[in-house]
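Contents: one structure, followed by commentary.
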Amino acid sequence: MGGGPVGVGLAVDLGLRGVSCAVVERRTELQNIPKGQNLTPRTLEHFYFWGIADELRAERIMPKGYPIAGMVAYGSLMSDYWYVVPQRELVRKFYFEDVERLPQYLTEKVLRARMAQLPSVTNLFGWTAETIAQNASSVSVTIASSDGAQREVLEADYLVGCDGAHSLVRGQAGIERGGTDFDQPMVLAVFRSRELHELLKRFPERGTFNVLHPDLKGYWQFTGRVDVGESFFFHAPVPPNTTKDNYDFLGLIQRVAGRPIKAEFDYVGFWDLRVAVAETYQAGRVLIAGDAAHSHPPYGGFGLNNGLEDAVNLGWKLAATLRGWGGNALIPSYSDERRPIFKETGEDFIAARIDEDAVWLERHNLQRDKAEFEAAWAERKAGAGRGITTYEPSYEGSPLIAGPPGGKTTAHGTHTWSARTGHHLAPQPLSSGKNVFEELGPDFTLLAFGAPEADVEPFADAAAAARIPLKVVRDSFAGGREAYEQRLVLVRPDQYVAWTADRAPSDVPALLARVTGSTLP
Ligand SMILES: Cc1cc2nc3c(=O)[nH]c(=O)nc-3n(C[C@H](O)[C@H](O)[C@H](O)COP(=O)(O)OP(=O)(O)OC[C@H]3O[C@@H](n4cnc5c(N)ncnc54)[C@H](O)[C@@H]3O)c2cc1C
């Protein structure tokens, strides 16, 4: 339910797996607001597996090759104190795809077009969900057409609420949310300004420009390019009770620019600065994903990227359960795996950063002590990009992951070439010249690199006996593949490593049962 990027992404994932599903979305038109621009290399991997990475890149507005990472300035965009932020290029090599940047409505356009090609997906755009109900064997949703003239009841095995931050599904399923409310309204403005574009020429080419102001308790004044010309989006804190008509938004943008520039506004809207995470992502046959499960400010670009990872984590689990090879623990593992990741993302990578910036700005002030400020700024500049390299979600604590005991599911980690249970698989070349990612199957894949056939056969036999779709990719333990440090790597449908070793375990059926949720550890 909900046909934003996460709902449609999930429908694409399910549709490609042949699962019959319907997307209920009240909007028929896309909302032309350039949010959700920053797509990570991991997100582009989803688009690769959905067969639309090239289509997505073709929609990019900014010129190919234009640096899309950001920079930070102190006080205003005319400041002498600024630095560029090395962003996801720091971790690029550990993923099969590159970053991308485009407005969310174009991403949604590409997803909707892909969904329309999939015969098992029914599009119910222009319909609003009103009530949900569930029993032990099914779930139902009452939907109304946009003119209110028609009502229908849909019945299904599962319902996934991808219906955004104010999720009706979350509310009616009785799922509570916890988190931090900063009690701070934010404006989101879209404007055109040739003069701002000219002013930004004082910096290296960049996609986003974040101003840290000593008066703003760590809240960002954030300007992003929509194109390389005159189109920008902007978000910043505003006083309580600000409306479109009672505040001088041009004056605000001029203060951020540090100059009296001209700007023409196309859109002004508001959002509340809040980091909220649902207490669980599942209540019986009802699940939630994307902003319905976790909402937060767009600091760091975690929202859409995390929401699409939810969709990818859940898609194969729903499909495997409906096809009969997923066990009872498979769908519940979605909440076990995804919720702790977002909880830490919200607390440690978003809320804590706002607090840290507030403390930093309080402690180091240019007017008060220039020399001390300059030393602190230099230190800050040297540490820029730290969050990018330490953000490495892993599911080591998941009941499905057959790794060393005591593993923890966490958003904190390091990127390595080694294949580690519970972690995202890094790409490596094959002897054929292709990449491992190009050979991964839609379901489970066993990478057998220099492993004896006697260790591979038990996997093929056990998978066939349990009707678990398994692809085996054989190659030598050389040419870069030795960097995995293990000759056998069992990869899940979402490209996370389920198990790894040099030799097959004594009980391969038990291992497969565990990673498909049929037995608990
Ligand atoms: C200014 C800004 C910048 C951002 N930048 C980034 C970024 O760089 N990177 C990033 O990853 N994220 C970013 N985000 C966050 C990102 O936009 C959201 O995380 C994303 O939209 C979440 O997608 P979703 O599908 O979960 O929810 P939504 O996009 O909110 O979609 C939910 C859908 O459900 C529909 N719906 C709701 N209720 C019903 C109902 N009862 N019946 C039928 N339909 C219903 C709605 O119409 C809507 O289409 C940004 C957000 C903002 C505001």
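For the stretch 443-493, dividing the convex hull volume of the Cα atoms by the residue count gives 64 Å³ per residue. Here the mean projected area of the convex hull built on the C-alpha positions of the stretch 373-473 is 9.9 nm². Dipole orientation for the chain: of the candidates Trp325, Phe265, Pro204, Pro204 has the Cα lying most toward the positive pole (charges on Cβ; Lys, Arg +1; Asp, Glu -1).
Applying 1/(1 + (r/R0)^6) with r as the Cβ-Cβ distance of Lys471 and Phe125 and R0 = 22 angstrom yields a FRET efficiency of 0.05. Could you give the length gained on full extension between Glu356 and Thr389, defined as 0.36 nm per residue of separation minus the Cα-Cα distance, in nm? This chain segment gains 10.1 nm when fully extended. Per-residue SASA remark: Val6, around 10 Å² accessible (1.4 Å probe; ligands, DNA and RNA not included).
Full extension of the chain between Ser418 and Arg259 yields a length gain of 52.2 nm, computed as 0.36 nm times the residue separation minus the alpha carbon distance. Centre-to-centre separation between the Cα atoms of the stretch 407-451 and those of the stretch 197-259: 41 Å.
Tell me which lysines have Cα within less than 29 Å of Lys93's Cα, excluding those fewer than 8 residues away on the same chain? Result set, ordered by chain and number: Lys35, Lys64, Lys109, Lys317, Lys343, Lys381, Lys408, Lys434, Lys471. Taking all C-alpha pairs of the stretch 1-150, those more than 25 Å from each other amount to 43 percent. Using a probe of 1.4 Å on the protein chains alone, the accessible area found for Arg503 is around 150 Å². Per-atom-type breakdown for the chain gives carbon and sulfur 50% of the accessible area (1.4 Å probe, protein chains only).
Extending 7 Å from Cα along the Cβ direction at Asp227 and again at Lys434 yields two label points whose distance is 4.0 nm.
Restricting the trypsin sites (Lys or Arg not before Pro) of the stretch 409-468 to loop positions (DSSP other than H, G, I, E, B) with no more than 15 neighbouring Cβ atoms within 10 Å leaves Lys434, Arg467. Under the convention that each Lys and Arg Cβ holds +1 and each Asp and Glu Cβ holds -1, the size of the dipole of the chain around its Cα centre is about 540 debye. Taking the inverse of the mean 1/r over every pair of distinct Cα atoms in the stretch 253-355 gives a Kirkwood hydrodynamic radius of 16.0 Å.
Placing a label point 7 Å from the Cα of Ala136 along the Cα-to-Cβ line, the residues of the stretch 284-326 whose backbone N sits under 19 Å from it are 284-286. A simple spin-label model places the labels of His166 and Asp183 2.3 nm from each other, with each point 7 Å out along Cα-to-Cβ. Based on the convex hull around the alpha carbon atoms, the chain presents an average projected area of 25.2 nm². The listed residues Arg194, Arg17, Arg57 rank as Arg194, Arg57, Arg17 when sorted by accessible area, largest first, using a 1.4 Å probe.
With every protein chain in place and a 1.4 angstrom probe, the accessible-area ranking of Lys471, Lys317, largest first, reads Lys471, Lys317. Taking all protein chains together, Arg338, Arg259 sort by accessible area into Arg259, Arg338, largest first [probe 1.4 Å]. Since only Tyr395, Ala462, Ala69 are under comparison, the one whose Cα sits farthest along the positive direction of the charge dipole of the chain, derived from C-beta charges on Lys, Arg, Asp and Glu, is Ala69.
The values are calculated or read from the model by the stated rules, or taken from the named source; none is laboratory data. Since this is a predicted model, take the numbers as computed values, not measurements. Backbone-built Cβ (ideal geometry, glycine too); neighbour counts: all protein chains shown. We work out accessible area using only protein heavy atoms, side chains counted, and drop any ligands, DNA or RNA first. Shrake-Rupley method; radii C 1.70, N 1.55, O 1.52, S 1.80 Å.
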